[in-house]
1. Can you find a residue in region 156-164 that is exposed (fewer than 10 other Cβ atoms within 10 Å of the Cβ) and at pLDDT 65 or above?
2. Just name the residue that is nearest to Gln24 (Cα to Cα) out of those in region 96-145 that are of a type in the set (A, V, I, L, M) and open to solvent by 60 Å² or more (accessible area, probe 1.4 Å).
Amino acid sequence: MQPRLWLLVAAQLAALRGSSALVQTPASLTAQTNQTVMLSCEAKTPPTNSRIYWLRQRLAPSADSHHEFLAFWDLTKGTVYGKEVEQERLTVLRDSSRYTLSLQSVKPSDSGVYFCMTVGNPDLTFGKGTQLSVVDVLPTTPQPTKKTTPKKKVLRFPNLVTQKGPSCAPLIVGPLVAVVLLLLVSLGVAIHLHCLQRRARLRLLKQFYK
């Protein structure tokens, strides 16, 4: 890439906003070390020179941050790499209007914001960028806490167990029978006395009216 173009990119990239002409997906991505990541850039309008450039910004936008030229895809040359780029890990592929940056065996130093860009005459068009974070261990998603429904208390009544055998013990039956017999005898004596008294009254009445 020409030095004059790089000076223009460095001066304008931080101020320019992503254009809807280049749609980057995903917007952010977290990957584990040694995985392969795929970053997509779709050109809604065909670039005039058929070149899509890939840049990386390692640090957040500041006075110390800078953009690295990684590679671009050319219609005749194919993939053209920047200096100090590990070509065995990085590949640029094209499928119609979609350009894919494939990065293999990622490591934490690969973290940053990846931009795709086209160079017009004289405009520069940027995608909105893809934030890539490479970690040794992927964070786990906390499982939603299940609400425990309190169990309804069931009142249980004690079972009434019918005792087997005679309903009354012999010691209770004997006195009850004796009491009943005594009452019957007393009732019979009382009735007999009442009858005798009535007869005696009738005799007296008969003698009195003779």
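The values are calculated or read from the model by the stated rules, or taken from the named source; none is laboratory data. In this text the structure is predicted, and so the values were computed from the model without any measurement. All Cβ positions, glycine included, derive from the backbone under ideal geometry; neighbour counts span all protein chains shown. The protein model used for the area step is the full one, side chains on, heavy atoms only, and it has no ligands, DNA or RNA in it. Shrake-Rupley method; radii C 1.70, N 1.55, O 1.52, S 1.80 Å.
1. The initial filter retains those residues of region 156-164 that are exposed (fewer than 10 other Cβ atoms within 10 Å of the Cβ), namely 156-164.
Right, trim to at pLDDT 65 or above and you get 156.
Scanning region 156-164, I find at least one residue that is exposed (fewer than 10 other Cβ atoms within 10 Å of the Cβ) and at pLDDT 65 or above, so the answer is yes.
2. Residues of region 96-145 of a type in the set (A, V, I, L, M): 101, 103, 106, 113, 117, 119, 124, 132, 134-135, 137-138.
Checking the rest, the ones that are also open to solvent by 60 Å² or more (accessible area, probe 1.4 Å) come to 137-138.
Numbers: Val137: 25, Leu138: 23 Å.
Only one residue tops the list, namely Leu138.
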